Amino acid sequence: MVGKIYITRHGYDPEKGKLVKDPYLGPSHTLGACRPDIRKTLHRGDHIFVISGKIPDSSQFVMAGFEIESKIPAVEAYRLFPELRLR
């Protein structure tokens, strides 16, 4: 089992900064195709922890943490989950 920490971009904080609309915060956690570097290194059973971006005078915190249940190709995810497309 491997754990990976993913830190969002500067300012991404659901309470004090920019809106975070990525699907890892939804009811069915998922990390999209925009992070092939992370997807490539992790496997079923590994864990991902998402950390908020830096905000002046605020501490960063863990926004999400989940275990990888399965991996599917990005093209298949695009077809199966149209509601998770960011654009």
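Things worth noting here:
- Residues being open to solvent by less than 90 Å² (accessible area, probe 1.4 Å) and not polar (S, T, N, Q) - total across the stretch 63-84: 14
- The C-beta contact set for the stretch 36-47 (first residue basic (Lys, Arg), second residue surrounded by fewer than 11 Cβ atoms within 10 Å (Cβ to Cβ), distance under 8 angstrom, 6+ apart or interchain) comprises ARG44/GLU69; ARG44/SER70.
- Of all the criteria given as (1) modelled with pLDDT under 80; (2) surrounded by 14 or more Cβ atoms within 10 Å (Cβ to Cβ); (3) within 13 Å of the chain's Cα centre (by Cα), the one not satisfied by ILE48 is (1).
- Within the stretch 49-73, residues that are among the hydroxyl-bearing types (Ser, Thr, Tyr) have Cβ atoms under 6 Å from residues that are open to solvent by 90 Å² or more (accessible area, probe 1.4 Å) in these pairs: SER58/LYS16, counting only partners at least 6 apart in sequence or on another chain.
The values are calculated or read from the model by the stated rules, or taken from the named source; none is laboratory data. Owing to the predicted nature of the structure, the values given are computational and were not obtained by experimental measurement. When we count neighbours, we look across all protein chains shown, and the Cβ atoms used for this are built from the backbone with ideal geometry, even at glycine. These accessible areas exclude ligands, DNA and RNA; they are computed on the full protein's heavy atoms, side chains included. Shrake-Rupley method; radii C 1.70, N 1.55, O 1.52, S 1.80 Å.
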